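Here the structure comes first, spelled out in structure tokens, and everything after it is commentary.
Every read-out reported here was derived from the displayed coordinates using simple, explicitly stated rules and does not represent laboratory data. The shown structure was predicted, so the numbers you read here are calculated from the model rather than taken from an experiment. Here the Cβ is made from the backbone with ideal geometry for all residues, glycine too, and neighbour counts use every protein chain on show.
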Amino acid sequence: MKATRPSTLSALAAAALLAGCASGLRYTPPAAAPLAPEGASGWTDKPGWATEKFAVAAANPLATDAGYQVLKAGGSAVDAAIAVQMVLTLVEPQSSGIGGGAFLLHAAGTDVTAWDGRETAPAAADEKLFLTPEGKPMAFHDGVVGGRSVGVPGTVRMLEQAHRAHGRLPWAQLFQPAIRLAEQGFQVSPRLNTLLKNEPHLKKDPVAAAYFHDAGGNPWPVGHVLKNPELAQVLKGIAARGSAALLEGPVAQAIVDKVQKHPTNPGKLSLADLAGYAPQRRAPLCHDLRVAPAGPAYEVCGFPPPSSGAIAIGQILGILARTPAAGAPLGADGLPTADWLHHYLEASRLAFADRALYVADPDFVQPPAGSWTSLLAPAYLAERAKLIGAQSLKVAQPGNPGGARTSFAPMAPQPEYGTSHISIVDGRGNALAMTTTIEDQFGARQMVKGFLLNNELTDFSFAPADAQGQPIANRVQPGKRPRSSMSPTLVFEKNADGSRGPMVMSGGSPGGALIIHFTAKTLHGVLGWGLTPQQAIDLPNFASLNGPSILEEKKFPPATVEALRARGAEVREMAMTSGLQAITRAQIHGKPMRLGGADPRREGVVMGD
């Protein structure tokens, strides 16, 4: 495939601009590179892991061990995920917990189910939730801190529903590791200590301040044994009575009181919102992928809207596969080359332009051309790939998949934050990828009964419409799920007859909007460059959200940075604190094995037999 000539590129870019502006729409790029979803806390080399029977990968060794013990006892992948999540609530409170939401992608053989535990907006919320009295969007953290940003938490009820379908061990048994740690105490980790030191808002909540800090107001030091008897009692209630113990009764009343009675930034969450929360069982969003023209065929399954992850990853990798960079190897230094990065980043701009315009809760927004798969159609991806030339687009405009027309305006860029990821393959070959969140670092900074509440409503667009009054698809509406970037992913071989073959990979990451890029990097590293999951995770991070080209600081040679700038890209280097976990299937000396990887930028490990 020949490189597109500059004159041809100009014509194609102009055509794309007109297509994207069919209704007068223009995508406005981010004014700056995104803030890091969570602060960096150093780099610890990880060895990579190989197991035979089962494997669990999670963001904290105590959580991984809880999942390992469940698998060792004969539990299913879902059983192990429940145990992991409950321990993460305790030991990684800044990222996820029972006060938040989650997406769980589960495979039983080749049968894949998407379990949606995303938070919802309260019934009393409306599109003016994050507007000032003057009608302007609030500053981000003015919306976050307090009760205003708290959505209806869905993780526990979703896990309860998934356990009914896929669990093997008794529900109550899965809570024992977290209860024991909450009562006996756990050692404050270096990452938790580092994030507490750099957290300006948590002390505003007296309950959180007293739990996370000593009498002098200093974060507990690394190694301090921290106990949480209140959380232990809540977990005992959930173990005995299920999600109703969280979403109804005294705990629910405490949540509502915390939200509605916040002294400066109250929210609208009600007891009826909590009691009425309903998880959704969805069909996964799957698409075919051949990373290199002559390479093997895969089927990549991800989470459908309200997640934007599977669509964006599918578009990025699908567009990239239709460029001159398709099949290009890593450079002699073991890093992505400037030419490959150029094509990847341009594909990213095109994907994020579509994301900003089209993706929102499918119960409120119709997909373009009647199907979300229109955004992944081979002909559409080929059309978008033709827009990539020798020079950077800088800012891409949305396309028109299937000739779609929309009355929506693109959502303006705004911060997206935290999360944690879990990948598990059990002894029966069932697998899951689960990404779980309270959104920003330490959520809404509101602590209730030993756990933190989410600030998930800030994933909605603060502005309900653009300057011309055209509505934004991802605006606040009662009962709506905010758009997410969470990208739990399962990859399968493609059989010769086109059917879905065995699972070859489970993966995902935290990282706000950058989740999409962290996950795409790892998928391409394993499927395209033949790396182990640990090698793929270790690669430097890179991204574009349809603005600057972002590179992980001090990870790329100056020549690569300058080569991208010579192509017209605005390059910014910054910390990119991913938290990837991945498990793949492999043959080692003729024996089937599981290879696991965990991100050296965080504290995760893999365990298994």
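If you average 1/r over every pair of different alpha-carbon atoms in segment 58-186 and take one over that average, what Kirkwood value in Å do you get?
Kirkwood radius, segment 58-186: 16.4 Å.
Rg and Dmax of segment 494-549 over Cα atoms: what are they, in angstrom?
Using the Cα atoms of segment 494-549, the pair Rg, Dmax is 13.5, 42 Å.
Report the dimensions of segment 347-459 along its three principal axes from the alpha-carbon atoms, largest first, rounded to Å.
Over segment 347-459, Cα extents along the principal axes are 52, 41, 34 Å.
Tell me which of Thr489, Val448, Thr89 sits at the most positive position along the dipole axis of the chain, charges placed on C-beta atoms (Lys, Arg +1; Asp, Glu -1).
Ranked along the dipole, the leading option is Thr489.
Expressed as a fraction of 2.2 N^0.38 Å, the rule-of-thumb size for a compact globular protein of N residues, what is the C-alpha radius of gyration of segment 400-519?
Details: Rg = 18.4 Å, N = 120, 2.2 N^0.38 = 13.6 Å.
Expressed relative to 2.2 N^0.38 Å, the Cα Rg reads 1.36.
What is the Cα coordinate range of segment 196-249 on the first, second and third principal axes, sorted by size from largest, in whole angstrom?
The principal-axis extents, from largest down, are 38, 24, 17 Å.
Return the aspartates and glutamates within reach of Lys555: Cα separation strictly under 13 angstrom, same-chain partners fewer than 8 residues apart disregarded; answer none if there are no such residues.
Partners within reach: Asp333, Asp538, Glu573.
In nanometres, what is the gap between the two model label sites at Glu52 and Val207, each 7 Å from Cα along Cα-to-Cβ?
Rounded to a tenth, the inter-label distance reads 4.8 nm.
Alpha carbon centre of segment 454-476 versus segment 526-572: separation in Å?
If you average the Cα positions of each part, the centres end up 30 Å apart.
For His163, His342, what ranking results if the residue with the fewest other Cβ atoms within 10 Å of its Cβ goes first?
Listed from fewest to most nearby Cβ atoms, that is His163, His342.
Given the Cα-Cα distance of Glu570 and Gln260 and 0.36 nm per residue of separation, how much length would full extension add, in nm?
107.2 nm
Exposure proxy check: Lys480, Lys554 ranked by fewest other beta carbons within 10 Å?
The order, fewest Cβ neighbours first, is Lys554, Lys480.
Given 0.36 nm per residue, what is the gain on full extension from Asp497 to Thr132 after removing their alpha carbon distance, in nm? Provide the component values of the computation, followed by the final result.
On the way: separation 365, 0.36 × 365 = 131.40 nm, distance 5.71 nm.
Answer, rounded to one decimal: 125.7 nm.
Mean projection of the alpha-carbon convex hull of the chain over all orientations, in nm²?
Numbers: hull surface 100.9 nm².
Result: 25.2 nm².
P(r) for segment 485-609: what percent of alpha-carbon pairs falls in each 5 Å bin, starting at zero?
Histogram of Cα-Cα distances, whole percents per bin: 2, 10, 18, 20, 18, 13, 9, 6, 3, 1.
Compute the projected area of the convex hull of the Cα atoms of segment 247-326, averaged over all viewing directions, and report it in nm² to one decimal place.
Mean orientational projected area (segment 247-326, Cα hull): 8.6 nm².
Quick one: dipole size for segment 502-606, taken about the Cα centre, charges +1 on Lys/Arg Cβ and -1 on Asp/Glu Cβ, in debye to the nearest 20. Write down the numbers at each step before the final one.
Working: 11 positive and 8 negative charges, 60 e Å.
Around 280 debye, computed over segment 502-606.
Could you bin all the Cα-Cα distances of segment 470-518 into 10 Å bins starting at 0 and give me the percent of pairs in each, rounded to whole numbers?
22, 27, 28, 18, 4
Pairs of Cα atoms under 8 Å, at least six residues apart: use those to get the relative contact order of segment 206-325, whole percent.
Once divided by the residue count of segment 206-325, the mean separation gives 12 percent.
Over segment 294-423, what per residue volume does the convex hull of the Cα atoms give, in whole Å³?
In segment 294-423, the Cα hull volume divided by residue count equals 157 Å³.
Please enumerate, by chain and number, the lysines with C-alpha under 28 Å from the C-alpha of Lys480, excluding those fewer than 8 residues away in the same chain.
Lys128, Lys136, Lys258, Lys261, Lys268, Lys449
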